[in-house]
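Colleague: Handing you a structure now.
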Amino acid sequence: MTASTPLDVFAVLAEIRPDALVARLREQRPGLTRFSQASYESLLEPVTEDSLSRKEREMVALRVALLTPDDRLAGWHTQRLKAASGTAATVSAVSGFPSVSPELTPREVAILWHTDLVTQRPVDAGQSDIDALRTAGLSTLEIVTLSQLIAFVAFQIRVLATLRAFGETA
């Protein structure tokens with residue numbers, strides 16, 4: 001785990017108290033917690049940036065959280081994006097997308113278009129959409145990472161909703 005990551009991001013975002021029933025249930029499946037945390041770290045806190053930048057990753061995570069929607073997760077990624085980009089204007093551009101913003105590069109626009117497409121209408125995504133990412137300068141590794149990140153944040157939102165529901169009933 002990195003110094004900037006809480007020990008258990010899912011527990012933090014779901015606001016699980018250590019003494020809660022849902023916390024005890026999660027302890028019965030330590031692999032699920034460990035692997036979910038490891039996925040979070042590899043996709044959102046990579047050791048090297050040989051693929052998407054930290055800023056791009058946070059833009060994608062914020063966009064998925066806004067579209068799904070999950071206000072707590074969106075707030076989390078808003079703060080992380082501000083830290084990664086150093087500007088609230090980037091957050092506004094991502095939140096207001098697809099409105100045109102001079103804050104976004106053509107590459108970032110292509111990434112956000114693809115994020116919106118895969119998040120809202122995955123069945124409509126095709127080869128021409130992959131080609132558009134390539135035209136915007138994304139490598140195969142970056143396209144794969146982008147797809148993994150979109151899928152992971154969608155998974156994270158569903159897990160968080162379930163954990164919150166269990167936490168409310170326990």
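The values are calculated or read from the model by the stated rules, or taken from the named source; none is laboratory data. Source: prediction; values computed, not measured. Positions of Cβ are generated from backbone atoms using ideal geometry, with glycine treated the same way; all protein chains shown enter the neighbour counts.
Colleague: In the stretch 110-137, what residues are under 18 Å from the mean Cα position of the chain (by Cα), of a type outside the set (Phe, Trp, Tyr) and either assigned to a loop (DSSP other than H, G, I, E, B) or more than 15 Å from SER53 (Cβ to Cβ) (or both)?
Modeller: Of all residues in the stretch 110-137, those under 18 Å from the mean Cα position of the chain (by Cα) come to 110-122.
Checking which are of a type outside the set (Phe, Trp, Tyr) leaves us with 110-112, 114-122.
Correct list: HIS114, ASP116, LEU117, VAL118, THR119, GLN120, ARG121, PRO122.
Colleague: A follow-up question, please. Does THR119 satisfy being in contact (Cβ under 8 Å) with a residue 24 or more places away in the chain and buried (at least 19 other Cβ atoms within 10 Å of the Cβ)?
Modeller: On the way: in contact (Cβ under 8 Å) with a residue 24 or more places away in the chain: yes; buried (at least 19 other Cβ atoms within 10 Å of the Cβ): yes.
Against the criterion (in contact (Cβ under 8 Å) with a residue 24 or more places away in the chain and buried (at least 19 other Cβ atoms within 10 Å of the Cβ)), THR119 qualifies.
Colleague: For the stretch 80-100, how many residues are in a loop (DSSP other than H, G, I, E, B) and buried (at least 17 other Cβ atoms within 10 Å of the Cβ)?
Modeller: Result for the stretch 80-100: 1.
Colleague: For residues that are free of Cβ contacts under 8 Å to residues at least 12 places away in the same chain and under 24 Å from GLN148 (Cα atoms), scanning just the stretch 17-45, find the one that is nearest to the chain's Cα centre (by Cα).
Modeller: Per the stated criteria, the residue is SER42.
Colleague: Residue check: is ALA84 of a type in the set (A, V, I, L, M) and modelled with pLDDT under 95?
Modeller: Values: of a type in the set (A, V, I, L, M): yes; modelled with pLDDT under 95: yes.
So ALA84 passes the test.
Colleague: Something else now. Answer yes if at least one residue in the stretch 45-53 is surrounded by 11 or more Cβ atoms within 10 Å (Cβ to Cβ) and modelled with pLDDT under 80, and no otherwise. Give the steps one after another, and end with the answer.
Modeller: Looking only at the stretch 45-53, we keep the residues that are surrounded by 11 or more Cβ atoms within 10 Å (Cβ to Cβ), and these are 45-46, 49, 51-53.
If we keep only those that are modelled with pLDDT under 80 too, we end up with 49.
Yes - at least one qualifying residue is present in the stretch 45-53.
Colleague: If you take the residues in the stretch 1-44 that are exposed (fewer than 12 other Cβ atoms within 10 Å of the Cβ) and among the hydroxyl-bearing types (Ser, Thr, Tyr), which one is modelled with the highest pLDDT?
Modeller: It comes out as SER4.
Colleague: Out of LEU133, LEU138, LEU66, report the one residue that is within 27 Å of VAL9 (Cα to Cα) and modelled with pLDDT of 95 or more. Let's see the steps before the verdict.
Modeller: Values: LEU133 fails: within 27 Å of VAL9 (Cα to Cα); LEU138 fails: within 27 Å of VAL9 (Cα to Cα).
Criteria check complete, one pass: LEU66.
Colleague: Right, next: Test of understanding: among ALA88, ALA132, ALA125, ALA61, which residue is of a type outside the set (Phe, Trp, Tyr) and either in contact with a Lys or Arg (Cβ under 7 Å, 6 or more places away or on another chain) or on the phi > 0 side of the Ramachandran plot (or both)? Walk me through it before giving the result.
Modeller: On the way: ALA132 fails: either in contact with a Lys or Arg (Cβ under 7 Å, 6 or more places away or on another chain) or on the phi > 0 side of the Ramachandran plot (or both); ALA125 fails: either in contact with a Lys or Arg (Cβ under 7 Å, 6 or more places away or on another chain) or on the phi > 0 side of the Ramachandran plot (or both); ALA61 fails: either in contact with a Lys or Arg (Cβ under 7 Å, 6 or more places away or on another chain) or on the phi > 0 side of the Ramachandran plot (or both).
None of the other options fit; the residue is ALA88.
Colleague: With respect to VAL153, determine if the residue is surrounded by 17 or more Cβ atoms within 10 Å (Cβ to Cβ) and within 30 Å of ALA20 (Cα to Cα). Lay out the reasoning, then the answer.
Modeller: Values: surrounded by 17 or more Cβ atoms within 10 Å (Cβ to Cβ): yes; within 30 Å of ALA20 (Cα to Cα): yes.
Answer is yes for this residue.
Okay, residues lined up against (1) under 23 Å from LEU67 (Cα atoms); (2) touching a Ser or Thr at 6+ places or on another chain (Cβ under 9 Å):
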residue	(1), (2)
TRP113	yes, no
SER128	yes, no
ASP131	no, no
THR135	no, no
ILE143	yes, no
SER147	yes, no
ILE150	yes, yes
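Colleague: Which one of these does GLU58 not meet: (1) charged (D, E, K, R); (2) modelled with pLDDT under 95; (3) surrounded by 18 or more Cβ atoms within 10 Å (Cβ to Cβ)?
Modeller: All conditions pass for GLU58, except number (2).
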